[in-house]
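Working notes, beginning with the structure itself.
The values are calculated or read from the model by the stated rules, or taken from the named source; none is laboratory data. Just so we're clear, the structure is a prediction, and the values are computed from it rather than from any experiment. Backbone-built Cβ (ideal geometry, glycine too); neighbour counts: all protein chains shown. Note: accessible area is taken over every heavy atom of the protein model, side chains too, but ligands, DNA and RNA are not part of it. Shrake-Rupley method; radii C 1.70, N 1.55, O 1.52, S 1.80 Å.
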Amino acid sequence: MKLSCLRPLAALLLTLGLAACGGKASYDVSGTISNLNNDGLVLANGGDTLPVPAGKTAFTFSKRVDYGTDYNITVQTQPAHMTCGISGGSGSAGHYINISAAVTCAQNTYSVGGTISGLTVDSLVLINGNATTTVAKDATTFTMSPNVADGATYNVSVSSQPKGLLCVVQPGTGAGTMGSANITTVQIACNPAPAS
């Protein structure tokens with residue numbers, strides 16, 4: 001029998017041996033963390049809480065749980081500017097050899113948009129980074145796609161002018177650093193293009 005097959009068997013025999021001797025097996029409540037770039041994350045398992053600093057890739061609660069005890073790992077507090085989710089965070093101790101949840105975090109994202117005036121024809125194309133958004137004629141508002149991560153920069157400009165119009169992003173409205181809310185203040189004005 002392979003060594004990898006013997007490990008789960010040995011752990012099961014240890015659990016049964018402890019139970020036969022009147023003791024209870026106990027288990028660490030632990031797991032992995034990915035993409036935690038900001039401070040502020042607090043995990044909870046019932047009344048046991050665990051602050052987790054930025055950069056950590058694993059966690060273990062201070063309190064172990066006994067065989068047969070339910071566990072339920074949750075996010076008590078999200079980290080700054082991020083949202084974390086948990087998979088494999090609940091169950092009953094002893095059903096698995098190890099309690100190992102996976103916490104995955106992602107930077108929050110928000111939309112960038114604003115208002116348009118004078119757009120009387122189709123084919124206005126706006127660009128932010130490498131992403132373009134086409135705006136239909138008569139639109140008075142727009143929203144770029146995709147969203148921008150909290151803390152990242154944005155810079156909306158005109159990629160393609162509509163026929164017969166000259167559209168410009170008003171100074172001071174098209175660029176900045178994304179905060180923790182949607183941007184709705186970009187202003188674009190379209191006017192008849194000068195005769196060539």
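Side notes on the structure shown:
- Residue pairs whose Cβ atoms lie under 7 Å apart, separated by 6 or more positions or on different chains, with the first residue in segment 169-196 and over 10 Å from residue 112 (Cβ atoms) and the second in a loop (DSSP other than H, G, I, E, B) and small (Gly, Ala, Ser), are 177/151; 189/118; 190/118; 191/118; 192/164; 193/164.
- Matching option when the condition is open to solvent by 60 Å² or more (accessible area, probe 1.4 Å), of a type outside the set (D, E, K, R), closer than 29 Å to residue 103 by Cα and modelled with pLDDT of 50 or more, among 40, 47, 31: 47
- Residues being open to solvent by 50 Å² or more (accessible area, probe 1.4 Å), within 13 Å of residue 103 (Cβ to Cβ), outside any strand (DSSP E or B) and touching a Ser or Thr at 6+ places or on another chain (Cβ under 9 Å) are entirely absent from segment 58-76.
- Scanning segment 77-111 for residues that are among the aliphatic types (A, V, I, L, M) and either assigned to a loop (DSSP other than H, G, I, E, B) or farther than 24 Å from residue 35 by Cβ (or both) yields 80, 93, 97.
- Residue 114 being assigned to a loop (DSSP other than H, G, I, E, B) and small (Gly, Ala, Ser): no
- Residue 108 being within 30 Å of residue 29 (Cβ to Cβ), open to solvent by less than 50 Å² (accessible area, probe 1.4 Å) and under 29 Å from the mean Cα position of the chain (by Cα): yes
- Residues that are open to solvent by less than 30 Å² (accessible area, probe 1.4 Å) and not small (Gly, Ala, Ser) number at least 2 in the following strands (runs of 3 or more DSSP E) confined to segment 117-196: 124-128, 131-135, 153-160, 165-169, 183-192.
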